[in-house]
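Engineer: Before we start, here is the structure in question, set down as structure tokens.
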Amino acid sequence: QKEVEQNSGPLSVPEGAIASLNCTYSDRVSQSFFWYRQYSGKSPELIMSIYSNGDKEDGRFTAQLNKASQYVSLLIRDSQPSDSATYLCASRPGDSNYQLIWGAGTKLIIKP
Amino acid sequence: GAVVSQHPSWVICKSGTSVKIECRSLDFQATTMFWYRQFPKQSLMLMATSNEGSKATYEQGVEKDKFLINHASLTLSTLTVTSAHPEDSSFYICSARRREGATDTQYFGPGTRLTVL
């Protein structure tokens, strides 16, 4: 059973601090990883994708991938109250060319 | 960016009626679209994968005769909930697969909130 695991939270972070969200995956040959943000009552919105080991930065967001340890993380710098949402991690398994395996999501709360 | 629309955004219907939800990729062609369902405070649940020009692939436990999927063009997939019952009330979300070079990403529509009375 291929799985993606996330801590459900809530993760509470003060405004202006760095929020760190983590995700582990079970399929060792997964190649593609995604972070989505979902506000309450809304659909998921793609934040970042990452395919190679290391860091990928986009504005205040940095995705980190470590294939040897099978984990993916998302860092949010200078956290804002508007970053409060549920963050979903997803991977594309090695034997699939389109379906994603979804984590249950981590609820992030940024406190003013 | 990639834009996916859904219509309607919300619908209220009586028990026993059928409801059709449309999912469109507005600025790209999508050979594959996905239909998800999400109950309050729960995670996304994949219902089916919709492939243009062929039959949809349903996940285990999802009744194909109740949730009819049609993907007649590269930009449109429809989900029809037949003989809806109150337990079908949920947030239905589609996503469309966009392939650009080496990237292969799913983009979500805004969702349709279905309430069955």
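Engineer: Quick one: which residues, 5 or more positions from A:Ala17 or on another chain, have an amide H under 5 Å from its amide H? H modelled 1.01 Å from N in the peptide plane, none for Pro or chain starts.
Structural biologist: Under 5 Å from the amide H of A:Ala17 lie the amide H atoms of A:Ser79, each far enough along the sequence or on another chain.
Engineer: Compute the length gained on full extension between B:Gln42 and B:Lys55: take 0.36 nm times their separation in residues and subtract their Cα-Cα distance, giving the result in nm to one decimal.
Structural biologist: Net length gain for the segment: 1.9 nm.
Engineer: Amide H neighbours of A:Ser84 under 5 Å, counting only residues 5+ apart in sequence or on other chains, H built in-plane at 1.01 Å?
Structural biologist: Amide H to amide H, under 5 Å and 5 or more residues apart or across chains, A:Ser84 pairs with A:Ile110.
Engineer: Need one value for B:43-50: mean number of C-beta atoms belonging to other chains within 10 Å of its residues' C-beta atoms.
Structural biologist: The per-residue average across the peptide is 3.
Engineer: Could you give each residue of segment A:11-24 its phi-based ³J(HN,Hα) in whole Hz, using Karplus coefficients 6.51, -1.76, 1.60 with θ = phi - 60°, and x for Gly or Pro?
Structural biologist: 9, 9, 9, x, 4, x, 7, 8, 9, 10, 10, 10, 8, 10
Engineer: Something else: I need to check one value: relative contact order of chain B, counting alpha carbon pairs closer than 8 Å and at least 6 residues apart, in percent.
Structural biologist: Relative contact order comes out at 36 percent.
Engineer: In what sequence, highest mean first, do A:49-60, A:64-75 appear when ranked by Cβ atoms within 10 angstrom?
Structural biologist: Those peptides, ordered most packed to least, come out A:64-75, A:49-60.
Engineer: Which GluC sites (Glu not before Pro) in segment B:55-92 pass both tests, a DSSP loop state and at most 11 other beta-carbon atoms within 10 Å?
Structural biologist: Filter output for segment B:55-92: B:Glu63.
Engineer: On to the next question. Report the FRET efficiency, 1/(1 + (r/R0)^6), for B:Ser9 and A:Arg77, where r is their Cβ-Cβ distance and R0 is 30 Å, rounded to 0.05.
Structural biologist: That pair, B:Ser9 with A:Arg77, gives E of 0.35.
Engineer: Convert each backbone phi in segment B:77-84 into a coupling constant with the Karplus relation 6.51 cos²θ - 1.76 cosθ + 1.60 (shift: θ = phi - 60°), then list the ³J(HN,Hα) values in order as whole Hz, x for Gly and Pro.
Structural biologist: For segment B:77-84, the Karplus-derived couplings read 10, 10, 10, 10, 8, 8, 6, 5 Hz, x marking Gly and Pro.
Engineer: Can I ask one more? List, largest first, the extents of the alpha carbons of chain B along their principal axes, each in whole Å.
Structural biologist: 45, 27, 22 Å, listed from the longest principal axis down.
Engineer: Related question: Return the distance in nm (one decimal) between the two label points of a simple spin-label model at B:Lys66 and B:Glu100, each offset 7 Å from Cα along Cα→Cβ.
Structural biologist: With each label point 7 Å from Cα toward Cβ, the separation is 3.8 nm.
Engineer: On to the next question. Below 8 Å, C-alpha to C-alpha, sequence gap of six or more: please give me the relative contact order for segment A:41-112 in percent.
Structural biologist: 21 percent
Engineer: Over segment B:54-106, what lengths in whole Å, largest first, do the semi-axes of the equivalent ellipsoid take, defined as the square roots of 5 times the eigenvalues of the alpha-carbon gyration tensor?
Structural biologist: 25, 13, 11
Engineer: A follow-up question, please. Whose amide H sits under 5 Å from the amide H of A:Ser26, counting only residues 5 or more places off or on another chain, with H placed in the peptide plane?
Structural biologist: Here A:Glu3 satisfy the definition.
Engineer: What number comes out for accessible area per residue over segment B:55-109 if the probe is 1.4 Å? Units Å², please.
Structural biologist: Accessible area per residue, segment B:55-109: 48 Å².
Engineer: Work out the mean other chain Cβ neighbour count within 10 Å for the residues of A:45-54 and drop it here as an integer.
Structural biologist: 2
Engineer: Can you give the average number of partner chain beta-carbon atoms within 10 Å of each beta-carbon in peptide B:101-108, as a whole number?
Structural biologist: For peptide B:101-108, the averaged partner shielding equals 5.
Engineer: In Å², nearest 100, what accessible area do chains B and A bury in total when the solvent probe is 1.4 Å?
Structural biologist: Chains B and A together bury approximately 1500 Å².
Engineer: Let me have the relative contact order for segment B:61-117, percent, based on Cα pairs under 8 Å that are six or more residues apart.
Structural biologist: Dividing the mean separation by the residue count of segment B:61-117 yields 29 percent.
Engineer: Cα centroid distance between segment B:1-66 and segment A:19-40, in Å?
Structural biologist: Segment B:1-66 and segment A:19-40 have Cα centres separated by 23 Å.
Engineer: When 1/r is averaged over all different Cα pairs and the result inverted, which Kirkwood radius in Å belongs to chain A?
Structural biologist: Computed over Cα pairs of chain A, the Kirkwood hydrodynamic radius comes out at 14.0 Å.
Engineer: Among DSSP bridges having both ends in the protein assembly as shown, what percentage is antiparallel? Round to the nearest 5.
Structural biologist: Restricted to the protein assembly as shown, the bridges split so that about 90 percent are antiparallel.
The values are calculated or read from the model by the stated rules, or taken from the named source; none is laboratory data. Fair warning: this is a prediction, and the values are worked out from it, not measured in the lab. Heads up, the Cβs are rebuilt from the backbone with ideal geometry, glycines too, and the neighbour counts pull from every protein chain shown. Side chains are part of the model used for accessible areas, which takes the heavy atoms of the whole protein and leaves out ligands, DNA and RNA. Shrake-Rupley method; radii C 1.70, N 1.55, O 1.52, S 1.80 Å.
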